[in-house]
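**Q** Okay, here's the structure, questions in a sec.
The values are calculated or read from the model by the stated rules, or taken from the named source; none is laboratory data. In this text the structure is predicted, and so the values were computed from the model without any measurement. Using ideal geometry, Cβ is built from the backbone for each residue, glycine included, and neighbour counts are taken over all protein chains shown. Surface areas here come from the heavy atoms of the whole protein model, side chains and all, with no ligands, DNA or RNA. Shrake-Rupley method; radii C 1.70, N 1.55, O 1.52, S 1.80 Å.
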Amino acid sequence: MAGNSFGQLFRVTTFGESHGPMIGVVIDGCPPGLKLDLEFIQKQMDRRKPGQSKITTQRKEEDKVDFVSGVFEGKTTGTPLAALIANAGQREKDYDHLSEVYRPSHGDFTYDAKYGHRDYRGGGRSSARETAARVVAGAVAQLFLAESGIKIKAFVSQVGPVILDKNYDELDLNLIDENPVRCPDLKIAGRMQSTIEEVRKEGDTIGGVISAVIFGCPTGLGEPVFDRLHADLGKAMLSINAAKGFEYGLGFNSVVLKGSQHNDIFFKEKGKVRTKTNNSGGIQAGISNGMDIHFRVAFKPVATLMKEQQTIDKKGKSTVIQGKGRHDPCVVPRAVPIVEAMAAITLMDHLLRSRSYGR
């Protein structure tokens, strides 16, 4: 199986399965001398881990990170960083009924079709459990980016029909973690939480949208043509489980505007080139322009339902399936730190590329 690595100069490779003994990550290209703030890394892991509220899966995982290489006296050495995360909450019996059956909208059929064999215990490699390893790498990247004044904030801006219809600069982003939905508008967050709870009681699931902002990004990150910054951000976000859409700047809403309305007009302020509007989302011609980079990621409803669905087995015979065990009724609250992590990995990779030019 290929496709387990992301990035060029800052290269992240994850490994492990949902119900194997552990998952982990190898990070190539992290510069030496970076102080690893283990408390911050664990905090990011705790934001992603299961069982943190009644609107998330009740699987219990401590998700303690154990760095086994690339660190000496609390700082990175420049050699590959490797971290392990033990799987403690396996309940393989919850998946016995899936050994011969394909779950609708899961990777069961496609993995079987491609490899002729699959790990049906929670999806194995296709499980969102793998994203814990990404959060470790993303936290390391965030520590490095912070030294250059780059900060990333993500939050839930939609759950089903409940929409937070405000720009990020109208919100107090310090409130993101003040509620289990991770929406910085507490009134809207309450409505989102009620929606998730209602859907969960029905044995169903629902999707949502995560908005993200990158503050303090310098100009000049991104490469022309195939490695445009927004293209790599899009790949990073769409590699996350259940992600179905990505847009940056005004995105699809830009099609209703005329060019005279959409263009971001340049001006100079305190010696810096800025734009009066930021419809471009901080990226023009695939390269950062120094304005805030903002984007949105859409997530589908979780595919595992606690109600009956029609499907087929491996022999093509029609059958009925119903989910068992512990599953998220809505993925977006736990996906917030994953979005931040993948944005940080992408930005760090491009920052290192930019520095390789001597900039």
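**Q** What's the extension gain from Asp46 to Asp66 if we count 0.36 nm per residue and subtract their Cα-Cα distance?
**A** 5.8 nm
**Q** At a Förster radius of 22 Å, what calculated FRET efficiency corresponds to the Cβ-Cβ distance of Ala113 and Thr319, to the nearest 0.05?
**A** Efficiency for this residue pair is about 0.75.
**Q** Give me the accessible area per residue for the chain, probe 1.4 Å, as a whole number in Å².
**A** Ligands and nucleic acids excluded, the result is 48 Å² per residue.
**Q** In addition: For the chain, what is the mean residue ellipticity at 222 nm derived from helices alone (per DSSP H run of n ≥ 4: -39500 (n - 2.57); sum divided by total residues; nearest 500 deg cm²/dmol)? Don't skip to the answer; put the middle values down first.
**A** Details: 7 runs with 90 residues, N = 359.
Calculated from helices alone, the mean residue ellipticity at 222 nm is -8000 deg cm²/dmol.
**Q** May I pose another question? Mind checking which lysines have their C-alpha under 27 Å from Lys315, skipping anything on the same chain fewer than 8 residues away?
**A** Cα-Cα hits under 27 Å: Lys93, Lys114, Lys307, Lys324.
**Q** Can you tell me which of 228-235, 134-141, 213-220 comes out highest on packing, and rank the rest after it, using the mean Cβ neighbours within 10 Å?
**A** Packing order, densest peptide first, comes out as 134-141, 228-235, 213-220.
**Q** Gap in Å between the Cα centre of segment 299-359 and the Cα centre of segment 182-196?
**A** A separation of 21 Å, based on Cα centres.
**Q** While we're here: In terms of Cα to Cα distance under 25 Å, which lysines are near enough to Lys268, apart from those fewer than 8 places away along the same chain?
**A** Lys151, Lys258, Lys276
**Q** In whole percent, how big is the carbon plus sulfur part of the accessible area of the chain, probe 1.4 Å, protein atoms only?
**A** On the way: 8890 of 17130 Å².
Ligands and nucleic acids excluded, carbon and sulfur give 52 percent.
**Q** Could the peptides 342-352, 182-192, 143-153 be put in order, highest first, of the mean number of other beta-carbon atoms found within 10 Å of their residues?
**A** Top to bottom by mean Cβ count within 10 Å: 342-352, 182-192, 143-153.
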